[in-house]
Amino acid sequence: MPPKTLVAVGAAAILLAFTVCWTSVHWLETRTFQPVNMLVVLEAGKAQTVDFEINVRGVYGVGLSAEYSIDDWTAGKCSSSALADADWKVYRLKAGAIESRELWASSEEMRQQGERPYGFRGAPGKYALEWSVPSKAVCLNARNPQLSVRTDSDAYATAFGFVLIGCLFVAMVGAGATLRATVLWLQASHGGNRAPRIFPEMTIRNVVPLWRHRPMLLIRVLPDFRVAWFCIVGVLAAVFCLFVSRSNWPLYGLPIDFRAERTVGVLKSPWTETMAVYVAPNSQFFVNGKLAAREELRQKLQEQLMRRGIWVVYFEADYDSLYMDAVYAMDTIQGLGAKVIWITPKTREEWKKRGAS
């Protein structure tokens with residue numbers, strides 16, 4: 001694109017951005033989001049009127065407030081909650097007829113509809129607000145009561161922010177086009193300072209043959225997501241297994257020896273009576289054939305184990321016993337530091353067959 005065209009495009013973009021930004025700022029400053037904000041005097045049962053004009057379409061809140069006081073939280077004192085019972089009516093003034101007015105909204109109508117008398121939906125135009133307070137609110141005159149009619153301006157502020165971002169982008173594009181035109185103009189103006197040639201009309205040709213290599217493949221797509229994700233997850237899993245799981249998480253469980261068949265790899269005990277725990281249905285625990293309550297299981301096991309040098313406990317559970325009772329018994333045994341030998345139903349059957357033969 002020629003430098004003149006670039007300058008024209010850049011200037012037009014900058015002018016457009018400035019015009020839109022200035023117009024938006026001027027329009028936002030001329031909007032009235034709080035048409036009424038004034039100090040009032042509260043008189044019981046007396047209707048007071050104030051005129052105002054709206055130039056923004058939206059929902060307007062009508063509110064009476066007073067300065068903060070500790071009496072608001074004290075029962076029987078003059079509380080600002082009395083202002084919630086204030087009655088108000090909003091009249092829309094018709095153009096060309098000052099005396100003619102139309103009832104637009106009222107607190108009584110909103111209470112009948114089961115709604116909170118917060119405010120009204122207004123369109124651009126002139127309005128009149130007529131309001132009155134109950135007798136219990138007169139005591140708030142000492143706390144500078146204030147009447148306000150306002151609408152929320154957050155949506156307009158957000159939209160104005162997007163407009164400013166757009167104007168900034170257009171202005172940057174214009175500035176870039178102008179800068180590009182300046183660079184081209186400088187290159188053209190300083191091009192005559194090159195070294196002179198003997199035959200300027202002769203086209204310079206390269207006497208060395210150029211070997212054209214195969215063009216490099218362009219990267220048009222992202223690498224395979226599955227391969228990349230597998231590498232990342234694999235590295236993280238290795239780090240987790242090596243440094244995190246073994247160092248921070250203790251291992252729990254019942255050791256199983258698959259190499260010993262029909263035998264139990266324990267040390268020989270000098271005591272003829274073995275240490276056994278049996279879990280029966282209905283959450284019954286037996287320690288060496290004696291019934292023990294669930295709460296007494298740990299204490300009785302500890303008493304028996306303290307008399308022995310080798311802490312080995314044979315554990316067995318009935319078919320109808322609860323899983324939680326079996327886990328509790330094994331956890332209690334291991335918690336005391338004893339070794340658990342689990343006699344499964346299949347092991348019991350094999351022992352019976354061997355004893356019968």
Filter the stretch 325-357 down to the residues that are among the hydrophobic types (A, V, I, L, M, F, W, C), farther than 16 Å from residue 286 by Cα and part of a helix (DSSP H, G or I), then identify the one that is modelled with the lowest pLDDT. 356
Among the residues of the stretch 161-173, is any closer than 30 Å to residue 120 by Cα, without any contact (Cβ under 8 Å) to a residue 24 or more places away in the chain and either of a type in the set (Val, Ile, Thr) or not in a strand (DSSP E or B) (or both)? yes
State all residues of the stretch 67-108 that are out of contact with any helix residue (DSSP H, G or I) (no Cβ under 9 Å at 6 or more places or on another chain), more than 19 Å from residue 47 (Cα to Cα) and outside any loop (DSSP other than H, G, I, E, B); if no residue qualifies, say none. 70, 73
Test: residue 235 is surrounded by 11 or more Cβ atoms within 10 Å (Cβ to Cβ), part of a helix (DSSP H, G or I) and at pLDDT 75 or above: no
Residue within the stretch 238-261 that is under 25 Å from residue 333 (Cα atoms), modelled with pLDDT of 65 or more and not aromatic (Phe, Trp, Tyr) present: no
Please verify whether residue 23 is in a loop (DSSP other than H, G, I, E, B) and either of a type outside the set (Phe, Trp, Tyr) or loosely packed, with under 14 Cβ neighbours inside 10 Å (or both), treating the condition exactly as stated. no
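Table: residues versus (1) within 37 Å of the chain's Cα centre (by Cα); (2) modelled with pLDDT of 85 or more.
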site	(1), (2)
6	no, yes
20	yes, yes
40	no, yes
81	yes, no
94	no, no
100	no, no
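Only one residue in 319, 323, 314 is of a type outside the set (Asp, Glu) and surrounded by 15 or more Cβ atoms within 10 Å (Cβ to Cβ), so which one is that?
Just a single option satisfies the conditions, and that option is 314.
Going by the structure shown, is residue 86 farther than 30 Å from residue 161 by Cβ, touching a residue at least 24 places away in the same chain (Cβ under 8 Å) and among the small types (Gly, Ala, Ser)?
Taking the combined requirement at face value, the residue satisfies it.
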Restricting to the stretch 109-145, count the residues that are assigned to a helix (DSSP H, G or I), more than 15 Å from residue 42 (Cβ to Cβ) and charged (D, E, K, R). 2
Could you tell me whether residue 64 is outside any strand (DSSP E or B) and touching a residue at least 60 places away in the same chain (Cβ under 8 Å)? no
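The values are calculated or read from the model by the stated rules, or taken from the named source; none is laboratory data. The shown structure was predicted, so the numbers you read here are calculated from the model rather than taken from an experiment. Virtual Cβ from ideal backbone geometry, glycine too; neighbours counted across all protein chains shown.
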